[in-house]
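Written out below as structure tokens is the structure these notes cover.
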Amino acid sequence: MTTTAAPETGIATPAASAAPPPRRRRSALRRRNALIGWSFILPNFLGFGFLTLVPVLILFYMAFTNWNVFGKADWVGIANFQRLLGDGSFHTAFWNTLYYSALHIPLTIAVSLGLALLLNQKLRGVAFFRTAAFFPYITSIVAIAVVWNLLFSPDYGPINEVLRAIGIENPPGWLTSQEWAMPAVVIVSTWRDMGYYMILLLAGLQTVPRELYEAARVDGANAWQRFVNVTLPCLRPTMFFVTVMLTINSFKVFDLILVMTDGGPGQATLVLSQFIYRKGFEESQFGYASSAAVVLFLLCIVVTIIQFFWNKRRSV
Amino acid sequence: MSNLTEAMVTIERPGGLRKLGSSAPRPRRAAGASKLRPAGRILMYVLLAIAAIGLLAPFFWMVMSSLKTANEVFSVPIVWIPETFVWQNYVDIWTESNMLTWIRNTLFLAVSVTFLQVLTGSFAAYGFARMRFPGRDVLFLVYVGTIAVPWQSYMIPQFILLSDLKVSNTFWSIILLQAFGAFGVFLMKQYYETIPEELSEAARLDGLSEYGIWRRIMLPLSIPAIASLSLLTFVNTWNDYLGPLIYLRDPDLWTIQLGLKSFVSNLYDTNYALLFAGLTISVIPIAIIFLLGQKYFVEGIATSGMKG
Amino acid sequence: MKRKLAVVVGLAVVASLSLAACSSGDSATTEPSGPVTLSLSGWSLDTTPEFQVLADAFHEQNDDVTIELKEYDPAEYNTLVTADLAAGSGPDIITQKEVKYVTTFQEGGQLLDVSDIELPEGIGGASSYEVDGVQYGVPYRQDSWVLFYNKALFDQAGVAYPDGTWTWDDYDAAAADLTAGLGGAKGSYMHRWQSVVQGFANAQTGADILDGDYGYLEDYYDRVLSLQDSGAQVDFNTSSANSLTYQGEFGKQNAAMLPMGTWFTATLISQQASGEADDFEWGMAPIPQLDSSTTGTDETPVTFGDPTGFSINANIDDEKVAAAKEFLTFAASEEAAQLLAGIGITPALTNDAVVETYFAVDGAPTDELSAFAWSTHDTFPENPTSNKTAAVQGILGDLHTAVMSGSVDVKTAIAEAEDRVANEVGTD
């Protein structure tokens, strides 16, 4: 029972606690630090830089060409981007992606955080429930699509049976209606992803020092206050990671929608990744598809940078 | 400060480190649970049970469908339990396909990828989390940025690159592809930032190098993060379909997902009963690994070292 | 030491090459010099035996040429072949699984001009591989759409079999009678693909999907919608919610009629043999027509379908070109057609002898109307050969799901599709 460091100082920036070195040695030290820093990153960077970064940079270049995948790639300037501006399908896909994300991100954070808090306790059989929560993520996506399609079935589906039973006269058509297809997809993807993010949050919850809870309890804080004042601040780095990953993954959502609705009915659930795939692999306009990928990238990166700074400000 | 140094001394004791990861924490009732009355407890279990049914229903349907005949799988209305169980599906998929080879290949890939991802990822994460040098934040943003690019859009340039290196159609392609992703770096970096800097500072004063701090302090303290990274990487590699599809053309190299899909599509039309039988088998290893791995998510494991 | 070895190996190779050349040199001058191995892309080799059959028969006639099959995943075939061609590791002979992608490969400079190959008279589908008057491939297989029907269910419901004179009105009436008479099974099953409605509409009204004008689809959709509203066939939403398969619906006798491509024959025969499908008597009839001008066995019914064909990789080694062209010539020949018909495949070239072979297969229907339906039809391509086809089909696919799910009415959906084609694709 020695340290009860407040979480704020616990997560304090590295330099804060280091004694300032004498001025003339500072640049040498800095160089040494940079060297050590790079030596840590290098093993990963060798693989990452060559196998991921280089292809991504090629893709960025291709966004400004009429690349057809078989070698031909003439520079066309910003023509692809201009075309995106006037492309109705792209607009639909863009807004659908934002709509999906706006529903999916908060819902998933709430559910997976709740699940993680619940399953962080010492219950009998907690291992079973944790495994159950993770099962949607490892169940074959084909089986998921089939079963949820059945559950959502407008006429005989169990979901609408329940809704009718509780007095809703006209339950939604879910996957068969243009208005409700996206909410239905969001429900399924949240259901599928929550176990995944629960794992990440569970790991984060292990960093909350028990002493802080005890101190808070001594101060008379109730469960909600303990959650707000102890759990959340300690969880911030993990939450940052989870929100960034969740945001990016929502913007990139692809395979679940592909097997559940394939973008339909009509274009009600067409999202950006699918637009990119269709333009590239089905219509062989890889240059044009690349430019849509760049837009998706920019969208993600802008939101990530906002989250980055917001996180920095909050943690100072 | 002195208290912390004391804590450090405890940690540095030989054997002490290992104990951090493996020893079970003192049995203690968790903060929230201690107040629950029996009635509340029962209610909670009922809720959890309902939730578990909702979570497992599709999986249950898949297992049941693996015991149907091919044309019975899809029907109106939905059939949960088949009239007669067709165990033959399991015999067929096991004897007529190369399940064993596929499982061996997938296991090899998943273990190699997970090992490399955790090793290089956590190593790089230390550089990002604890070292200061110019360009660090930009480089980190580049890492995160690549996550934001959909793989389908740079799949072909990457394939051409790896083909030129003559590694396509070998296990190397998948290992190289998956092992150096930005995901692990990001995850580990965020976790390292929750570990009090004072611990490494004290170790530094005791003469430990940065590599020593990573090895002797950060690694043991980040067991829960390593566990979740390992689990997620393992599962993702195990279930990956598109990567192996593009790169592993030789049937001897096929992974379980690829092999299963190819096996059933080689029948006259996709036999979902057989596919689901194979998928059920393929889930078992993951379920076991998860059951083993989840025990590292135990409250207080990371901080127990601080208590001397 | 190493160099010496290389020289020895090199000499050995040269020697074997010249020996092989001698042994075959006298048979014919068109024969390629030396043994050649050609790679050919295929899919699902176990259940798609056509590749092996053609390869073996060709090798028997030309023992210098070996055809090596390269297996691809059937669902991702186009993606994988594209990746391989882009990386320079594509097959020597490219099987064109879908006509939609022919122009992609052609515009990408991946296909060799094969205009000098002489095709037999009466072969179907050759125009699908023609771009600007140049032939970039030859068809060997041409499935077209017919009406499969379950004779047992027709008997049970007391409805007369199709006789080749049906228009869509007759089909609708029969579907209603069957549904009423069967009490359980439906009169017909229509699979969820857009082509099941649009393919017939395009072919029978003589429409060109690249025109950007889709008013002609309205009647076809109205008809199908009223069929599913009346309960004569499973509705689209139920079909997709339950992931119904057409093999299951027809094979398990849940529906008495099924408009489908002729590839289903081979599947049905094998499923009946294995017990996956019920054992019942069935037949093929010409697909119902728009009006009576094309009905009856004296006329030629209008339907649709796309061929499957072979092209040659433009980057093939020069010394292999002759052998590859020889193979393409063989694949389009009557001899190959006979071989294909013998394994239940609909060849691009049909004549009376081929029909006989096809229907001699154990389990195939034996009535004359089936033979007529299989062999006599005016088949329009489902996908015109153009670089706009894929994009237009994508838009029409969206129209299909919007209309069939009941979320948008036909007129609105057609207007939307016309707008999108004009804005996103453009018409010539």
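In region A:115-137, the qualifying residues are those that are in contact (Cβ under 8 Å) with a residue 24 or more places away in the chain and part of a loop (DSSP other than H, G, I, E, B), and the one that is farthest from the other protein chains (Cβ to nearest Cβ) is A:119.
Looking only at residues in region A:196-210 that are part of a helix (DSSP H, G or I) and facing chain B (nearest Cβ under 8 Å), which one is surrounded by the most Cβ atoms within 10 Å (Cβ to Cβ)? Only one residue tops the list, namely A:204. As a summary of the residue check, residue C:94 satisfies the conditions (1) assigned to a loop (DSSP other than H, G, I, E, B); (2) over 30 Å from residue C:248 (Cα atoms) except for the one numbered (1).
Within this structure, residue A:102 fails the test of being buried (at least 20 other Cβ atoms within 10 Å of the Cβ), under 22 Å from the mean Cα position of the chain (by Cα) and within 17 Å of residue A:190 (Cα to Cα).
Only one entry of A:140, A:112, A:153 meets the criterion of being more than 7 Å from every other protein chain (Cβ to nearest Cβ) and surrounded by 20 or more Cβ atoms within 10 Å (Cβ to Cβ), and that entry is A:112.
Identify, from the list C:107, C:121, C:76, C:71, the residue that is among the acidic types (Asp, Glu) and touching a Gly at 6+ places or on another chain (Cβ under 8 Å). Walk me through how you get there before you give the answer.
Numbers: C:107 fails: touching a Gly at 6+ places or on another chain (Cβ under 8 Å); C:121 fails: touching a Gly at 6+ places or on another chain (Cβ under 8 Å); C:76 fails: touching a Gly at 6+ places or on another chain (Cβ under 8 Å).
Going through C:107, C:121, C:76, C:71 in turn, just one is among the acidic types (Asp, Glu) and touching a Gly at 6+ places or on another chain (Cβ under 8 Å): C:71.
Residue count for region A:211-234, restricted to those that are at the interface with chain B (Cβ under 10 Å from one of its Cβ atoms) and either small (Gly, Ala, Ser) or free of Cβ contacts under 8 Å to residues at least 40 places away in the same chain (or both): 6. The residues of region C:71-97 include none that are at the interface with chain B (Cβ under 7 Å from one of its Cβ atoms) and among the β-branched types (Val, Ile, Thr).
Looking at region A:1-81, the helices (runs of 4 or more DSSP H) lying wholly inside it that each contain 1 or more residues that are modelled with pLDDT of 90 or more, more than 9 Å from chain B (Cβ to nearest Cβ) and on the phi < 0 side of the Ramachandran plot sit at A:54-62.
For region B:173-242, the helices (runs of 4 or more DSSP H) that sit wholly inside it and include 3 or more residues that are facing chain A (nearest Cβ under 9 Å) and in contact with a Ser or Thr (Cβ under 9 Å, 6 or more places away or on another chain) are B:182-192, B:197-205, B:223-239. Restricting attention to region C:409-417, does a residue exist that is assigned to a loop (DSSP other than H, G, I, E, B), out of contact with any strand residue (DSSP E or B) (no Cβ under 6 Å at 6 or more places or on another chain) and within 11 Å of another protein chain (Cβ to nearest Cβ)? No, region C:409-417 contains no residue that is assigned to a loop (DSSP other than H, G, I, E, B), out of contact with any strand residue (DSSP E or B) (no Cβ under 6 Å at 6 or more places or on another chain) and within 11 Å of another protein chain (Cβ to nearest Cβ).
Report, by residue number, each residue of region C:239-281 that is among the polar types (S, T, N, Q) and in contact with an Asp or Glu (Cβ under 7 Å, 6 or more places away or on another chain).
So in region C:239-281, the residues among the polar types (S, T, N, Q) come out as C:239-240, C:242-243, C:245, C:247, C:253-254, C:262, C:265, C:267, C:270-272, C:274.
Residues satisfying the conditions are C:245, C:247, C:253, C:262, C:267, C:272.
Only residues that are more than 14 Å from chain A (Cβ to nearest Cβ) and in contact (Cβ under 8 Å) with a residue 40 or more places away in the chain were counted in region C:240-261, giving 12.
Okay, residues lined up against (1) buried (at least 19 other Cβ atoms within 10 Å of the Cβ); (2) modelled with pLDDT of 50 or more; (3) over 33 Å from the mean Cα position of the chain (by Cα):
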site	(1), (2), (3)
C:23	no, no, yes
C:30	no, no, no
C:38	yes, yes, no
C:52	no, yes, no
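Kindly evaluate residue A:287 against the criterion of being more than 30 Å from residue C:241 (Cβ to Cβ), more than 7 Å from chain B (Cβ to nearest Cβ), assigned to a loop (DSSP other than H, G, I, E, B) and out of contact with any Asp or Glu (no Cβ under 7 Å at 6 or more places or on another chain). So residue A:287 fails the test.
The values are calculated or read from the model by the stated rules, or taken from the named source; none is laboratory data. Note that the structure is a prediction, hence the values are computed from the model and not measured. Neighbour counts are summed over all protein chains in view; Cβ atoms, including those assigned to glycine, are modelled from backbone coordinates with ideal geometry.
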